[in-house]
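K.L.:
Just passing along the structure, written as structure tokens.
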């Protein structure tokens, strides 16, 4: 057992192989589930990018190589179809509010995307698009070597605020999920959370009217919001990990351990400020600059659970609308390469996904109540090579994987009942080696354009 970042033994893989060997020698049937119970994984990394559907990122690659469920055409509201065109490197802007996503899904018909702002015929149906492998070579290389889930859906049809609350709490806690907004007369703090002085729409019950409340999940005693709030306290995965003595870090835009506050955009996704129990406690010290993941990986000091969030002026690594897809793919390549080539590679599982649809076309209808399908690439020495996991999953599945790996209690019914990606792993296989990743040059003209037109820090879309 290595001290420092990890508190979980690493001999699980040897135990699993021994169990299989003894079972075979004795003529006993040993199930895959029992082998999965003995895991070599002591580090889980979630790379949480911004705003893309499955078809938009992996659909072309899947359709061409028949590896997974992708498509080359999209359905319009009148029932006709159009080709999914190749988008530019700078991601088009498409509205992706709760209402817009429901319009796009259209009760499961997946034909309403052209009705949402930014995707009408006048834009050339901008959201009916899919990236080619040459535009995102690192993600495609990882998808080719390791595992892909082609049935992972967002927990709810919500934009980034709700998706970040849900990721760590497994509930919207009454928030509709739509992004916070400025309140006239209030000062403006950083980001979206408890110190932002912003409000967000909230419902007392699923069928009640909407009211505006501080965009903050209060502490148990109700403290945290800038004014009294009816929102109840809920636990987070950070609480669960800390309660069991396990280590965690949010590699995010700002925080006690990060750079001084930058422009607001990097902080809107950093998760911790959304919860008073994180922002106003020692948990705030577990928020560090994203680039620290590179040094932690090289040193073999990754925590048990890492959540790697976008960073840079206006979120330059995020692949968000108005940002560069290449810059984000380069960052994914740097981060994963650092882990692959570091001491913790042999005990790590990485989940690379996107927080919402963006809202780009996808042809697979989500299960009732779920959000639009999102990319999910699973990278690990113990991921099944070239495997496609088509079991229905959501973001809750990543939390279920963490909870089952480290023996944690579930946070809510969502993760308690979630599929945990177990089919995508084989802890008895010969560990897979790293895959070589690179850097794609970004034209200077694009970098100048991004610098001159930064994304809106409030992300009203």
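K.L.:
How do 68, 272 rank when sorted from fewest to most other Cβ atoms within 10 Å of their own Cβ? The partial results should precede the final answer.
P.N.:
Values: 68 20, 272 30.
Ranked by crowding around the Cβ, least crowded first: 68, 272.
K.L.:
Sum -39500 (n - 2.57) across every DSSP H segment of at least 4 residues in the chain, then divide by the residue count to get the 222 nm mean residue ellipticity, nearest 500.
P.N.:
Values: 14 runs with 118 residues, N = 461.
So the helix-based figure for the chain works out to -7000 deg cm²/dmol.
K.L.:
Quick check: the distance between the Cα centres of the stretch 315-343 and the stretch 65-111, to the nearest angstrom?
P.N.:
The two parts, judged by their Cα centres, are 24 Å apart.
K.L.:
Could you order peptides 160-167, 409-416 by the average number of other Cβ atoms within 10 Å of their residues, highest first? Spell out each step's value before the answer.
P.N.:
Details: 160-167: 25.1, 409-416: 17.4.
Averaged packing, sorted descending, gives the order 160-167, 409-416.
K.L.:
Report the relative contact order of the chain, percent, no decimals, based on alpha-carbon pairs under 8 angstrom and at least 6 residues apart.
P.N.:
On the way: 1106 pairs, mean separation 116.2, N = 461.
Reported as a whole number, the value is 25 percent.
K.L.:
Expressed as a rounded percentage, what relative contact order does the stretch 34-137 have, with Cα pairs under 8 Å and six or more residues apart? Provide the component values of the computation, followed by the final result.
P.N.:
Values: 125 pairs, mean separation 27.4, N = 104.
Taking the mean separation of contacting Cα pairs over the length of the stretch 34-137, I get 26 percent.
K.L.:
So between residue 120 and residue 233, what do we pick up on full extension, going 0.36 nm a residue minus the alpha carbon distance?
P.N.:
Once the chain is fully extended between residue 120 and residue 233, it gains 36.6 nm.
K.L.:
Sticking with this structure for a sec: For the stretch 294-423, what's the relative contact order in percent, using C-alpha pairs closer than 8 Å and at least 6 residues apart? Numbers along the way, then the final one.
P.N.:
Details: 134 pairs, mean separation 23.9, N = 130.
Relative contact order for the stretch 294-423 comes out at 18 percent.
K.L.:
Just to confirm my numbers, what's the Cα centroid distance between the stretch 356-388 and the stretch 430-453 in Å?
P.N.:
22
K.L.:
Another question, if that's okay. Applying 1/(1 + (r/R0)^6) with R0 = 41 Å to the Cβ-Cβ distance of residue 445 and residue 368, what FRET efficiency is obtained, to the nearest 0.05? Write down the numbers at each step before the final one.
P.N.:
Working: r = 45 Å, r/R0 = 1.10.
After rounding to 0.05, the efficiency reads 0.35.
K.L.:
Starting from the 7 Å offset along Cα-to-Cβ, what nm value, one decimal, do you get for the label separation of residue 188 and residue 204?
P.N.:
3.3
K.L.:
Based on the Cβ-Cβ distance of residue 242 and residue 211, what FRET efficiency does E = 1/(1 + (r/R0)^6) give at R0 = 41 Å, to the nearest 0.05?
P.N.:
Working: r = 32 Å, r/R0 = 0.78.
Approximately 0.80, to the nearest 0.05.
Computed from the coordinates by the stated procedures, all read-outs in this text should not be read as laboratory data. Everything numeric in this text was worked out from a predicted model, so none of it was measured. Using ideal geometry, Cβ is built from the backbone for each residue, glycine included, and neighbour counts are taken over all protein chains shown.
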